[in-house]
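What follows is a single structure, written as structure tokens, with notes after it.
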Amino acid sequence: MNYREVESSREFLVSLDNGADWREEIEEFAELEDIESAWFNAMGAVQDADVWFYDQDDKEYRSVTFDEPLEVAACVGNVALLDGEPFAHTHAVLSRRSGQSLAGHLNAATVFAGEVYIRAFDDPLEREHDDVTDLDLWL
Amino acid sequence: MNYREVESSREFLVSLDNGADWREEIEEFAELEDIESAWFNAMGAVQDADVWFYDQDDKEYRSVTFDEPLEVAACVGNVALLDGEPFAHTHAVLSRRSGQSLAGHLNAATVFAGEVYIRAFDDPLEREHDDVTDLDLWL
Amino acid sequence: MNYREVESSREFLVSLDNGADWREEIEEFAELEDIESAWFNAMGAVQDADVWFYDQDDKEYRSVTFDEPLEVAACVGNVALLDGEPFAHTHAVLSRRSGQSLAGHLNAATVFAGEVYIRAFDDPLEREHDDVTDLDLWL
């Protein structure tokens, strides 16, 4: 494994705007506060969701769109620089009225309500292309 | 979005009591330690669960009850004041023996075993009625 | 409930190795850094997964194996000493290409890519046998 000890001197609570995009809101927040590295945890509800699954053989993301209201039961992610811009790598577990759960890489979702805890790290984190997975990874 | 930088000077590990209510245990802990604002992460197992889904059109919670043992695969939440009392807004992802997963807003659940990390913030956080969503939101 | 205030003076980001075991990587990291108590949060993807469900009546874990690529939508866990060795108690929510979600206690899983945030606590945490649940619990 690769790892790095990190220092954190700033942490935030963020309330996402109804109607905005879940991931874009987090990235805009990172830009506003000059955050180039962070870990976050979130919960709430969305009006729809574009969820990605990475095809480990074909090395391509596959998208599934859920055009329906969903709870965000859990959301885990981190912020790092991708091509010089803060990118919020976001995974989420969503749920339907029946309690049925859906999950994956959250590319986009229209916020209904969102509560986020973000822990910013002092040193920037950068994503670089990894040949084995064909993904942009850090460290 | 709305956001606030927070300061935290206390953090805790909590082991929930077998037979108690998952959310009430967290709220009792908050009262014992005078916590008016916190973020938490948890895992464990429950003996049953009352899971809520917010109907974004009718602006009402719908309840689904699972009267069966379930793993708590992930639990994310936060503590804020609601009408002057600490309220633990709790979302959870649960699972059955088959691995099938259920999720949503966790209103109540009988603890089998529960392990919780709680990060308390120094300044209180208050929930207030939001007209757009008809929910009690913070910030 | 039982609880303990904890102090943390070290936190880390870890990138798990492709092909390694998800939980073993976290335990090896804990050994490398002499961590005897920690909380973690993670996300990524795995090539397969051995997921456990605790049978609360028979007091035994039941295993389900998923021999297929899965996203790790959310992973929550903690490190404590079990028989003197760091044990990473790991729960995870996984997902398929359809967005269908699976979850439970993650015994083993072959890493495709894994991003972990680990918060180490200064004082050791030890698991001891609990008669009520027949599990090894802390505090």
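Across identical copies of the chain, C:Thr65 has label-point separations of 3.9, 3.9 nm, listed in ascending order, with the point defined 7 angstrom from Cα along Cα→Cβ.
Shielding by partners for peptide A:45-57, expressed as the average number of C-beta atoms from other protein chains within 10 Å of each residue's C-beta, is 4. For the stretch A:15-20, backbone phi angles converted through the Karplus equation (6.51, -1.76, 1.60; θ = phi - 60°) give residue-by-residue couplings of 10, 7, 6, 4, x, 7 Hz, Gly and Pro being listed as x. Is the shape of the stretch C:1-120 rounded, prolate or oblate, going by the alpha carbon gyration tensor and its root eigenvalues a ≥ b ≥ c, with a/c under 1.5 for rounded and a/b larger than b/c for prolate? Oblate.
Within 10 Å of the Cβ of each residue in B:122-134, the mean number of Cβ atoms contributed by other protein chains is 1. A cut-off of 5 Å between modelled amide H atoms, ignoring neighbours fewer than 5 places along the same chain, links C:Thr133 with no other residue.
The magnitude of the dipole of chain B, with charges of +1 and -1 set on the Cβ of Lys/Arg and Asp/Glu and taken from the Cα centre, is near 780 debye.
Once you sort the root eigenvalues of the Cα gyration tensor of the stretch A:99-139 as a ≥ b ≥ c, which label holds: rounded (a/c under 1.5), prolate (a/b larger than b/c) or oblate (the other case)? Oblate is the answer for the stretch A:99-139, as a/c is 1.5 or above yet b/c matches or exceeds a/b. Rounded to the nearest 0.05, the FRET efficiency derived from the C-beta distance between C:His129 and B:Val132 at R0 = 51 Å is 0.50.
The same position B:Glu24 in the other copies lies at 4.4, 4.4 nm from this copy, comparing label points 7 Å beyond Cα toward the beta-carbon, shortest first.
The base-10 log of I(q)/I(0) for the protein assembly as shown, evaluated at q = 0.07, 0.08, 0.13 Å⁻¹, reads -0.27, -0.36, -1.08 [Debye formula, identical scatterers on Cα atoms, solvent excluded].
Residues whose amide H falls under 5 Å from that of A:Leu139, counting only those 5 or more places apart or on a different chain, are A:Glu126, with hydrogens built in the peptide plane. In this assembly of identical copies, the label point of B:Asp83 (Cα plus 7 Å along Cα-to-Cβ) is separated from its counterparts by 5.1, 5.1 nm, sorted shortest first. Residues in the stretch B:94-104 carry Karplus couplings, in order, of 10, 8, 9, 4, 6, x, 4, 10, 10, 7, x Hz; the curve used is 6.51 cos²θ - 1.76 cosθ + 1.60 with θ = phi - 60°, and Gly or Pro positions show x. Residue-wise HN-Hα couplings along the stretch C:124-139, as the Karplus relation 6.51 cos²θ - 1.76 cosθ + 1.60 with θ = phi - 60° gives them from phi, are x, 10, 10, 8, 9, 4, 10, 5, 5, 9, 6, 10, 8, 10, 10, 6 Hz; Gly and Pro carry x. Once both labels are positioned 7 Å from their Cα atoms along Cα-to-Cβ, the gap between B:Asp17 and C:Asp17 label points is 4.6 nm. Only helices enter this figure: runs of n ≥ 4 DSSP H residues, each worth -39500 (n - 2.57), summed and divided by the residues of chain B, yield -2500 deg cm²/dmol at 222 nm to the nearest 500.
With the simple model of a label 7 Å out from the Cα in the direction of the Cβ, C:Glu68 to A:Arg62 spans 0.9 nm. The stretch C:35-112 and the stretch B:81-139 have Cα centres separated by 22 Å.
Since every read-out is calculated from the coordinates, none of them should be taken as a lab result. These numbers come from a predicted model, not from an experiment. Quick reminder, even Gly has a Cβ in these numbers, built from the backbone with ideal geometry, and neighbours come from all protein chains shown.
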